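Please read the structure below before turning to the comments.
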Amino acid sequence: MSNALLSPAGWLVLGLPWPTETRDGWGECAVAIAPTMIPRSLVSKGAGIALDLATGLARDPNDGPGKAVFFSDVTLWLDKQGKTWPDLGIDYEAVIDELLNAQVPQLYLTLTQKAHAILCDASREGLRLHYPNGDVEHVTPQLRQDVHDGIAQSLTRDWPSYIQGLIDSGALQTR
């Protein structure tokens, strides 16, 4: 069995809508996929480009966020290049929907609402969180990196057993 299945080069993490029911401020609100595991023949050209960009960002220690690449990271990277999804002829919402509906391994993640907001933020100036007591917190690059690192640690811990379970059940073929 390939180590690349159990420990991929990186993951693309897609934010889901914040759930209406949560447990103690935590909700199942994100999905991780391993771009290197997805044959490009299974997805559209636009989804393939998104997967390739995420793979590149996961592998680039100087320009990438680490192994857990948020879809919003890809959007921000495009922005730094002076580009947008439409410039590439890509409807990013359709790509997200396509990837969420693809018949590929997907690990659902439970996050705090704050981590979810950071995951989904693609603003240039960074997210500002407003709290009920009137406090405002500007999400720093370090806080965003901390969320990346936390999600990457969770995926590094949970992904191998998830994939092994798919293999053991016959839901994922290794040949």
Legend entry - Top positive-direction residue, dipole computed over the chain with Cβ charges, set 58, 122, 139: 58
Legend entry - Expected 222 nm ellipticity per residue - DSSP helices of 4 or more, -39500 (n - 2.57), all of the chain, to 500: -13500 deg cm²/dmol
Legend entry - Whole-number Å³ per residue for the convex hull built on Cα positions in the range 107-175: 117
Inset, instruction - Between residue 9 and residue 98, with labels modelled 7 Å along Cα→Cβ, what's the label distance in nm to one decimal, could you check? - result: 2.0
Legend entry - Average accessible area per residue (Å²) across the chain - probe 1.4 Å, nucleic acids and ligands excluded: 56
Legend entry - Sequence-distant lysines (8 or more away, or on other chains) whose Cα lies within less than 21 Å of residue 83: 45
Inset, instruction - For 72, 169, give the ranking by accessible area with the largest first, probe 1.4 Å. - result: 169, 72
Legend entry - Relative contact order [Cα under 8 Å, 6+ residues apart], the chain, whole percent: 27
Legend entry - Exposure rank, largest accessible area first [83, 67; 1.4 Å]: 83, 67
Inset, instruction - Would you mind telling me the share, in percent, of accessible area of the chain contributed by carbon and sulfur at probe 1.4 angstrom? - result: 51
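The values are calculated or read from the model by the stated rules, or taken from the named source; none is laboratory data. Note that the coordinates shown come from a computational prediction; the quantities given were computed from them, not determined experimentally. All Cβ positions, even for glycine, are placed from backbone atoms using ideal geometry, and neighbour counts span all protein chains on display. Each accessible area value is taken on the protein alone, full model and side chains, heavy atoms only, with ligands, DNA and RNA left out. Shrake-Rupley method; radii C 1.70, N 1.55, O 1.52, S 1.80 Å.
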